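The values are calculated or read from the model by the stated rules, or taken from the named source; none is laboratory data. Model, not experiment: these values are computed from the prediction. A quick note on method: Cβ atoms are made from the backbone with ideal geometry, for glycine too, and the neighbour counts reach across all protein chains shown. The accessibility values were calculated without ligands, DNA or RNA, using every heavy atom of the protein model including side chains. Shrake-Rupley method; radii C 1.70, N 1.55, O 1.52, S 1.80 Å.
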Amino acid sequence: MKKQLPLIYMLLLCTQINYSQVISMIGSTSPSGSWSVDTDLTTTDNITYTKNNVVLTTATDPATTGLKFRQDHDWTINWGNSNWPMGTAVQGGANIMTQAGTYDVTFNRSNGTYTFIPSGFTQIGIWGPAVDSQNGFGGPDVDMVTTDGITYTLSGFIFSSGTAYFRFNDDNLNTWGSTAFPTGTAVHGGPSIQVTGGEWFVTYNKNTGAYSFAYPSVGILGTALSGFTAQDIDLTTTDGFNYSISSLSMTDGEAKFRKDNLWITNWGSANFPNGIGTQDGANIPVTAGTYNITFEKSSGNYTFTNTLSNPENSISKVKIYPNPTIAFWNLSHTTTIDSVEIYDVTGKLIQSFTPNAMQFQLDGIRLSSGVYFVKIKSGLDFTVQKIIKN
């Protein structure tokens, strides 16, 4: 009996190693057309799952139509996100709002990313150490998205510093590259692209080989402009973190910020004219006016400054020093400071004060080291500024 134990143990171990989770699509717009019948994807590594030539129908009602990914034909683990044709699905998320067509589907079980690429189009990915710093050219592509088979894009991916190629259909002999960065024209069999680490919005033209790695765009849209289905009005940036636009005329209505003209990443808050936008937050209630707008991508902090405000009394002239500090911040303004509020990076209110004075010393001794935001009100004007506790 003792001689049989090692054999039994090895068989059990092999069973565990070889076990692969089943990932499927299910829903009213999935190939089965049913919320009770799964369509399985295939995998070679138990991480990336694919299925080609998938026929889908159009989702019309987010509550009852669309599709989801789920594991082992069970609702215990399921992923969804309303974004289409790509996004990052989350556990128990919304139904994916599909559009009718035939698609090649990719789903990553580790991070929830998915793409639906029209079948028959060339699959193009970015491949190399800049994409997978651990496995390099031994790792997989990060797939790009296209709607026409010509222009391919990649949004929301953070690159490592390193080399990369554009690769067609996962074929190591069909790579395109160039020495130029951040823009250039890739040629077949060309040299690898030396990518600088960071978040880039990548575009690639299959017909010409032209490509660009640009800072992610941040735009604003909503009923205070031309509606939530209109084209974004992009803010400008020089560093990919701080964005701004000047003299933008807006009507009474609502607005949101979003990245790369996609709803995958969007920010909102119920506060106006200043606030801290959060992912999928409330629509920002805008009062008609002409505004200089600033937005900080890493924190979601935004300000709408009415251009008709008196420059001499503008709250933007408030002084905060020293910053950073280990104990106190001194606040100074040319008019009375009515209120001061401190928020942490999640938007939680930490402290509030009513100085009713032109000078105020803000006590930070009890705060932990880190980044905070201080909201300062004077009359009808507001400002939200970043402060740092060492």
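Annotation for segment 279-288: at least one member residue is loosely packed, with under 14 Cβ neighbours inside 10 Å and polar (S, T, N, Q). Going residue by residue through segment 122-138, is there one that turns out to be under 23 Å from residue 210 (Cα atoms) and of a type in the set (Phe, Trp, Tyr)? Yes: one or more hits.
Residue 73 fulfils the conditions (1) surrounded by fewer than 18 Cβ atoms within 10 Å (Cβ to Cβ); (2) under 25 Å from residue 209 (Cβ atoms); (3) at pLDDT 90 or above; (4) touching an Asp or Glu at 6+ places or on another chain (Cβ under 9 Å) except for a single criterion, (2). In this structure, does residue 301 turn out to be surrounded by fewer than 19 Cβ atoms within 10 Å (Cβ to Cβ), modelled with pLDDT of 90 or more and closer than 25 Å to residue 266 by Cβ? So residue 301 fails the test.
If you go through segment 149-162 and pick out every residue that is over 22 Å from residue 265 (Cβ atoms) and crowded, with 18+ Cβ neighbours inside 10 Å, you end up with 1. For the residues 45, 72, 61, the requirement of being under 16 Å from residue 24 (Cβ atoms) and of a type in the set (D, E, K, R) singles out 72.
To keep it simple, each residue is scored yes or no on (1) closer than 21 Å to residue 225 by Cβ; (2) modelled with pLDDT under 90; (3) among the hydroxyl-bearing types (Ser, Thr, Tyr); (4) open to solvent by 20 Å² or more (accessible area, probe 1.4 Å).
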site	(1), (2), (3), (4)
262	yes, yes, no, yes
291	yes, no, yes, no
306	yes, yes, no, yes
313	no, yes, no, yes
320	no, no, no, yes
340	no, no, no, no
353	no, no, no, yes
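Of the residues 106, 115, 58, 48, which is surrounded by fewer than 19 Cβ atoms within 10 Å (Cβ to Cβ) and either in contact (Cβ under 8 Å) with a residue 24 or more places away in the chain or touching a helix residue (DSSP H, G or I) at 6+ places or on another chain (Cβ under 9 Å) (or both)?
Working: 106 fails: surrounded by fewer than 19 Cβ atoms within 10 Å (Cβ to Cβ); 115 fails: surrounded by fewer than 19 Cβ atoms within 10 Å (Cβ to Cβ); 48 fails: surrounded by fewer than 19 Cβ atoms within 10 Å (Cβ to Cβ).
The match here is 58.
Residue 57 meets all of the listed conditions (1) in contact with a strand residue (DSSP E or B) (Cβ under 8 Å, 6 or more places away or on another chain); (2) among the hydroxyl-bearing types (Ser, Thr, Tyr); (3) at pLDDT 95 or above but one, namely (1). With respect to residue 267, is the statement that it is among the hydrophobic types (A, V, I, L, M, F, W, C), modelled with pLDDT of 95 or more, closer than 28 Å to residue 182 by Cβ and surrounded by 15 or more Cβ atoms within 10 Å (Cβ to Cβ) true? So residue 267 passes the test.
Taking the condition under 30 Å from residue 279 (Cβ atoms), at pLDDT below 85 and surrounded by 12 or more Cβ atoms within 10 Å (Cβ to Cβ), does residue 385 pass?
Yes: the conditions hold for residue 385.
Just one of (1) assigned to a loop (DSSP other than H, G, I, E, B); (2) surrounded by 15 or more Cβ atoms within 10 Å (Cβ to Cβ); (3) of a type in the set (Gly, Ala, Ser) fails for residue 63. It is (2). Would you please name the residue that is modelled with the lowest pLDDT, looking only at residues in segment 1-54 that are at positive phi and part of a strand (DSSP E or B)? The residue in question is 53.
Can you name every residue in segment 371-382 that is among the aliphatic types (A, V, I, L, M) and modelled with pLDDT under 85? Even if it seems obvious, please write down each step before you answer.
Of the residues in segment 371-382, the ones among the aliphatic types (A, V, I, L, M) are 371, 374, 376, 380.
Answer for segment 371-382, where residues must be among the aliphatic types (A, V, I, L, M) and modelled with pLDDT under 85: just 380.
With respect to being modelled with pLDDT of 95 or more, touching a strand residue (DSSP E or B) at 6+ places or on another chain (Cβ under 6 Å) and of a type in the set (A, V, I, L, M), residue 158 falls outside the description. A single member of 158, 126 is free of Cβ contacts under 8 Å to residues at least 60 places away in the same chain, outside any loop (DSSP other than H, G, I, E, B) and not small (Gly, Ala, Ser), and it is 158. Restricting segment 202-224 to residues that are farther than 24 Å from residue 299 by Cα and of a type outside the set (Val, Ile, Thr), the residue that is surrounded by the fewest Cβ atoms within 10 Å (Cβ to Cβ) is 207. Would you check which residues across segment 82-98 are assigned to a loop (DSSP other than H, G, I, E, B) and open to solvent by 30 Å² or more (accessible area, probe 1.4 Å) and list them? Hits for segment 82-98 are 82, 84, 92, 94, 97.
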